[in-house]
Amino acid sequence: MVEVMDDYDVIVVGSGGAGLYAAVSAAENGLNVAVMSKGRVNRSGATQLAGSGIAGDLEADGESLWNMGFKDADKTHTKEVWFKNIVLQGSYLNDQDLTENYVQKAEEVVYNLLSWGMKPYFIYEGVALYFAGVHILDALYKKAKSLDVTSISNRMVTDIVTWNGMVAGVIGIDVYSGEIFYNPAKAVVIATGGCQGMYELNTGTSELTCDGIGMALRAGAEIKNMEMMEFCNDTIVYPRKYMGNILPYILRDLGYGELLNKNGEDFITKYFDSEIVDIALHTEWNKELVSYAEYKEIKDGRGYEEGGVMFTMEGSQKKVFTEFYNIFPMIKHAPMDMEIMHMLEDQEKLYVAPAAHYIAGGIKVDSEYKTNVKGLFAAGECKAGTFGANRVSSALTEMLVEGLLAGRNVSEYIKSMDKFPSVSKSSLEERFEKDLLRPFNISQESKFKSFISIKKDLRKTMWNNVGPIKNETSLTYALNRIEYLLKEFNKVNISDKSREYNPEWIEYLNLRNMLHMAAAVAKSSLIRRESRGVHVREDYFFVDDENWLKNIVIYDMALNYSFEEPVITRINPPRVKMTYLKYIKTLLKGVKGAY
Amino acid sequence: MEKIKVVCFRYNETRNPKQYYDVFEVPFHEKISVLEILNYISENIDPTLAYPKHSLCFQGICGECTLKMNGKPVLPCIETPKEPIIIMEPLKKDKVVKDLVSTR
């Protein structure tokens, strides 16, 4: 049975920074807003993990920060300079109208956060203010409450309900009671973050299973550039207790510690010339280039049996640690980070590898964050376009700017419409309930004894074949394997038939999105026969603008696709064909500074 | 110790209206977290064991995994047991939904 619940002007799905800001912004424009979160509103999603929970960087252009009174800001870093940096390093695949929004509105969101009483720890490289992600969430949550936004926690939204191509509300499950609810709404903003969960080693929270992108595609929205999966180098893989923690990445970014392979060698210089090594150590391209080297070492058997390469701070003196604690005072409140630091102080070793970190592809939107489904908007990581093929600027800024604008634009949309669809309870049961409850009523036998074993197989497949370095053989294998997993997935049943907090059912609902979206990542990676940004093909180790300066747009659940030109507003891309590494060098010659 | 005994509170009104405890044996090492122990049970012994897992940060930040271990509230993602036997219970037994999961 589907319960019909309260209706709202707009329902925001997801309660990280993008979701909460969209809710605030829509409510400020007079709308009746609910924010629904798979977990607890205000403590779910990746926002809280920004910079390992202690060092989230929120960027604006240095000139605006200077004008706000930050005397360490880099005045010469103007909006124009910043825009160019992002588009060039996005390898010109950005939708420049979205990049434009990002650069123009960053100042406003920073100003708002400061006016709500937030204080940054310090300013870095003249452009980034450092906050803890939870402080940003708390400020937004407080603001949302003051505007009477309704918060609904532990509501796992499973589907966007549409009628004649228009949004009519959302279907979701109360994770605790297992009841299925329908809430009518005139518009929906998807702000569900990324797809990290399709890899075992990832830097996200457990709920990031590509839900928003999956349900958008099911509802008829287009998605694009799913091959742009970014990995974060130096992420802890062992001890497994700390799996997914990026403290070694932050330490190495500040110049501390070293990486060694099984033979005790520093290996990065093996793969790159001195100019690229310099880029790998001192720019945002560290994520691609160091991940490349780490992945090679591990795949070629020079990793440790613990599952990665070694990170050590052996020989570092006490004062190095004191210095680090002084830079990030918040670390004293982050118990896991402190445990890791104590290990390092005791000269113990950590093992690290590239972890799934961020997806630059996702739901296709226009400059108002509208999808091609009427009334359906998307903001933050779950949507594509702002960063092209590589995100070199703050994702915190992205979520806030896009939440702000999506909330405003939703209000414009609702004002412009005079009729909204309504759907009957019986059609909801027919269209949605059956599929949601399917694994409770299955009598077939699968080779997989549970959904968890399917997830494990998917994760292994993705890491081995759709990792930081890809090729035709690996991607073809991955696609076939996922197709097989999808078949088996339909035969797995749930052993505990009670619907209250049912871990097997939750796994089913996660995989329902994640399996299809993993196939989208593998398929897009196979289609793009070149290397660009975070997408690296060893069999096509070059950038080919003539053929590939275009977006791969997937428009249905069978993953049929078409190509589209990126939106160009100010910077005309040159048309070149050159090796991947030479292309990176060329891009960086055109930008000012590393940021 | 090479193995740890995990005594888990079990209850669900729909499934079985009686409260009881199950005992699981799990391989142990000195840096294992309670969350890893529960994952081991779920993946290798009993997939029906319910414990908070649908929305977790794994890093001691969100607080959503909070459970009672030997009568005291702990964060399973950062807690490493020191005794050979642990008793796991929901944070609020009077608000239990299923096994180790309770509402706030």
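Test of understanding: among A:Ser291, A:Ser316, which residue is among the small types (Gly, Ala, Ser) and either modelled with pLDDT under 95 or open to solvent by 60 Å² or more (accessible area, probe 1.4 Å) (or both)?
A:Ser316
A:Pro354 passes every criterion in (1) open to solvent by less than 30 Å² (accessible area, probe 1.4 Å); (2) over 19 Å from A:Leu49 (Cβ atoms); (3) under 26 Å from the mean Cα position of the chain (by Cα) apart from (2).
Just one of the listed residues (A:Gly220, A:Gly172) is within 14 Å of chain B (Cβ to nearest Cβ) and either of a type outside the set (S, T, N, Q) or surrounded by fewer than 24 Cβ atoms within 10 Å (Cβ to Cβ) (or both), and it is A:Gly172.
Annotation: A:Val103 fulfils all but one of (1) within 24 Å of the chain's Cα centre (by Cα); (2) surrounded by fewer than 24 Cβ atoms within 10 Å (Cβ to Cβ); (3) β-branched (Val, Ile, Thr); the unmet one is (2). Residues that are free of Cβ contacts under 8 Å to residues at least 24 places away in the same chain and not in a helix (DSSP H, G or I) were ranked within the range B:29-47; the one that is nearest to the other protein chains (Cβ to nearest Cβ) is B:Pro47. Residues of the range A:186-199 that are assigned to a strand (DSSP E or B) and open to solvent by 10 Å² or more (accessible area, probe 1.4 Å): A:Lys186 alone.
When you look at A:Tyr256, is it touching a Lys or Arg at 6+ places or on another chain (Cβ under 8 Å) and of a type in the set (Ser, Thr, Tyr), yes or no?
Details: touching a Lys or Arg at 6+ places or on another chain (Cβ under 8 Å): no; of a type in the set (Ser, Thr, Tyr): yes.
Considered against the rule, which asks whether it is touching a Lys or Arg at 6+ places or on another chain (Cβ under 8 Å) and of a type in the set (Ser, Thr, Tyr), A:Tyr256 comes out as no.
Quick check on A:Gly39: is it among the small types (Gly, Ala, Ser), within 14 Å of another protein chain (Cβ to nearest Cβ) and open to solvent by 10 Å² or more (accessible area, probe 1.4 Å)? Criteria not met by A:Gly39. Please specify each residue of the range A:371-390 satisfying the condition of being in contact with a Phe, Trp or Tyr (Cβ under 6 Å, 6 or more places away or on another chain) and not small (Gly, Ala, Ser). Those that are in contact with a Phe, Trp or Tyr (Cβ under 6 Å, 6 or more places away or on another chain) and not small (Gly, Ala, Ser): A:Phe377, A:Thr386. Looking only at residues of the range A:414-433 that are farther than 26 Å from A:Val2 by Cβ and modelled with pLDDT of 95 or more, we find that the one that is most open to solvent (accessible area, probe 1.4 Å) is A:Lys415. Among the residues making up the range A:142-151, a single one is buried (at least 21 other Cβ atoms within 10 Å of the Cβ) and either within 14 Å of another protein chain (Cβ to nearest Cβ) or of a type in the set (Val, Ile, Thr) (or both): A:Val149. Quick one: in the range A:43-85, which of the residues that are touching a His at 6+ places or on another chain (Cβ under 9 Å) and assigned to a loop (DSSP other than H, G, I, E, B) is nearest to the other protein chains (Cβ to nearest Cβ)? Going through the qualifying residues, I end up with A:Ile54. The residue list A:Asn202, A:Asn245, A:Asn225, A:Asn261 contains one member that is surrounded by 24 or more Cβ atoms within 10 Å (Cβ to Cβ) and over 21 Å from A:Ala519 (Cα atoms), which is A:Asn245. Among residues of the range A:439-452 being surrounded by 15 or more Cβ atoms within 10 Å (Cβ to Cβ) and within 17 Å of A:Glu488 (Cβ to Cβ), the one that is farthest from the chain's Cα centre (by Cα) is A:Ser446. Residue count for the range A:52-71 under the criterion of being open to solvent by 20 Å² or more (accessible area, probe 1.4 Å) and touching a Phe, Trp or Tyr at 6+ places or on another chain (Cβ under 8 Å): the result is 2.
When B:Tyr51 is tested against (1) in a strand (DSSP E or B); (2) more than 15 Å from A:Arg240 (Cβ to Cβ), only condition (1) is not met.
Is it the case, given these coordinates, that B:Val101 is at pLDDT 95 or above, under 13 Å from the mean Cα position of the chain (by Cα), of a type in the set (A, V, I, L, M, F, W, C) and farther than 27 Å from A:Val41 by Cα?
Details: at pLDDT 95 or above: yes; under 13 Å from the mean Cα position of the chain (by Cα): yes; of a type in the set (A, V, I, L, M, F, W, C): yes; farther than 27 Å from A:Val41 by Cα: no.
In short, no.
Of all the residues in the range A:521-551, those that are in a helix (DSSP H, G or I), open to solvent by less than 20 Å² (accessible area, probe 1.4 Å) and either in contact with a helix residue (DSSP H, G or I) (Cβ under 8 Å, 6 or more places away or on another chain) or within 14 Å of chain B (Cβ to nearest Cβ) (or both) number 3.
Conditions: (1) open to solvent by 10 Å² or more (accessible area, probe 1.4 Å); (2) at pLDDT 95 or above. A:Ser495 meets all but one. Number of the miss? All conditions pass for A:Ser495, except number (2). Against the criterion of being under 24 Å from A:Gln48 (Cβ atoms), within 12 Å of the chain's Cα centre (by Cα) and either away from chain A (no Cβ under 11 Å) or at pLDDT 95 or above (or both), B:Thr80 does not qualify.
What are the residues in the range B:45-104 that are of a type in the set (Val, Ile, Thr) and open to solvent by 10 Å² or more (accessible area, probe 1.4 Å), if any?
Hits for the range B:45-104 are B:Ile45, B:Thr48, B:Ile61, B:Thr66, B:Val74, B:Ile78, B:Thr80, B:Ile85, B:Ile87, B:Val96, B:Val97, B:Thr103.
Number of residues in the range B:3-28 that are β-branched (Val, Ile, Thr) and in contact (Cβ under 8 Å) with a residue 40 or more places away in the chain: the value is 3.
Filter the range A:113-151 for residues that are part of a loop (DSSP other than H, G, I, E, B) and among the aromatic types (Phe, Trp, Tyr); which is nearest to A:Ile11 (Cα to Cα)? Here the answer is A:Trp116.
Tell me, please, whether a residue that is in a loop (DSSP other than H, G, I, E, B) and surrounded by fewer than 16 Cβ atoms within 10 Å (Cβ to Cβ) can be found in the range A:327-346. Yes, there is a match, as at least one residue in the range A:327-346 is in a loop (DSSP other than H, G, I, E, B) and surrounded by fewer than 16 Cβ atoms within 10 Å (Cβ to Cβ).
Tallying residues that are in contact with a strand residue (DSSP E or B) (Cβ under 9 Å, 6 or more places away or on another chain), open to solvent by 40 Å² or more (accessible area, probe 1.4 Å) and in a loop (DSSP other than H, G, I, E, B) within the range A:453-492 yields 0. Among the residues of this structure, A:Asn510 does not count as one that is within 14 Å of chain B (Cβ to nearest Cβ), assigned to a loop (DSSP other than H, G, I, E, B) and either touching a residue at least 40 places away in the same chain (Cβ under 8 Å) or in contact with a Ser or Thr (Cβ under 8 Å, 6 or more places away or on another chain) (or both).
Scanning the range A:24-40 for residues that are over 20 Å from A:Pro503 (Cα atoms) and assigned to a loop (DSSP other than H, G, I, E, B) yields A:Asn29, A:Gly30, A:Leu31, A:Asn32.
Could you check the range B:48-66 and list, in sequence order, the residues that are polar (S, T, N, Q) and at the interface with chain A (Cβ under 7 Å from one of its Cβ atoms)? Within the range B:48-66, B:Thr48, B:Ser55, B:Gln59 meet the criteria.
The values are calculated or read from the model by the stated rules, or taken from the named source; none is laboratory data. This is a predicted model, so every value here is computed, not measured. Using ideal geometry, Cβ is built from the backbone for each residue, glycine included, and neighbour counts are taken over all protein chains shown. The protein model used for the area step is the full one, side chains on, heavy atoms only, and it has no ligands, DNA or RNA in it. Shrake-Rupley method; radii C 1.70, N 1.55, O 1.52, S 1.80 Å.
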